[in-house]
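A short write-up of the structure that comes next.
The values are calculated or read from the model by the stated rules, or taken from the named source; none is laboratory data. Since the structure is predicted, the reported quantities are computational estimates derived from the model, not experimental observations. With ideal geometry, Cβ positions are generated from the backbone for all residues, glycine too; neighbour counts draw on all protein chains shown. With ligands, DNA and RNA removed, areas are computed over all heavy atoms of the protein, side chains included. Shrake-Rupley method; radii C 1.70, N 1.55, O 1.52, S 1.80 Å.
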Amino acid sequence: MIDRLAVLARSPGGLVLIAAWACAEAMLLPIVPDVVLLPLVAAAPRATPRLVLALVVGALVGSAILAALVLADPDRVRSLILALPGIDASTFPAVEADLTAHGAASFAAIGPGVPLKVYTTVWTASGGSLLVLAAAVVLNRLTRIGPGIVIAALVGRFAPQRLRHHERIALAAYAVGWIALYLVYWRIV
């Protein structure tokens, strides 16, 4: 399985998968691209720069589309995002306060937290610069997903045989970890 992931990571299809997932997640998909990105990075660490570029490009495209939708109908976009799991009525006021206090630096985050789509929506609806939004999206993807990418690349670089030897256990533990995280984040448990 790890070898198949490595082939996918090095293929144009892998780049399209990451870019499309990042684009969809930047708009409305409630599952982060890390879920598929990190195993690809671990399986083929040398493909990391291209995969990260695909991630950033996808997030920029998705955020640009979302910003255009916000400019056209901010209330409808806000309603759609509020319908997603893990986002409630308190999310938007919290992000508005964060952006007021810290500006675009608020986009920088590590680990789970308020989705990029909420920051993009609030930033755009408040009249924020689209150029600054693009820089903030890149900042968000690098700070939020970057640590996981580094860890996955290190595992793939320094423990490839161990990873392949225990691939079923590693992939099962990885899947269980994401499922548990989303159950908690979406307040299902």
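Laid out as a table, the results:
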{"quantity": "Helices (runs of 4 or more DSSP H) within the range 110-185 that include 1 or more residues open to solvent by 20 Å² or more (accessible area, probe 1.4 Å), without any contact (Cβ under 8 Å) to a residue 60 or more places away in the chain and over 24 Å from LEU5 (Cβ atoms)", "calculated": "116-125, 130-158, 167-185"}
{"quantity": "Test set (1) modelled with pLDDT of 95 or more; (2) surrounded by 19 or more Cβ atoms within 10 Å (Cβ to Cβ) - ILE2 fails condition number", "calculated": "(1)"}
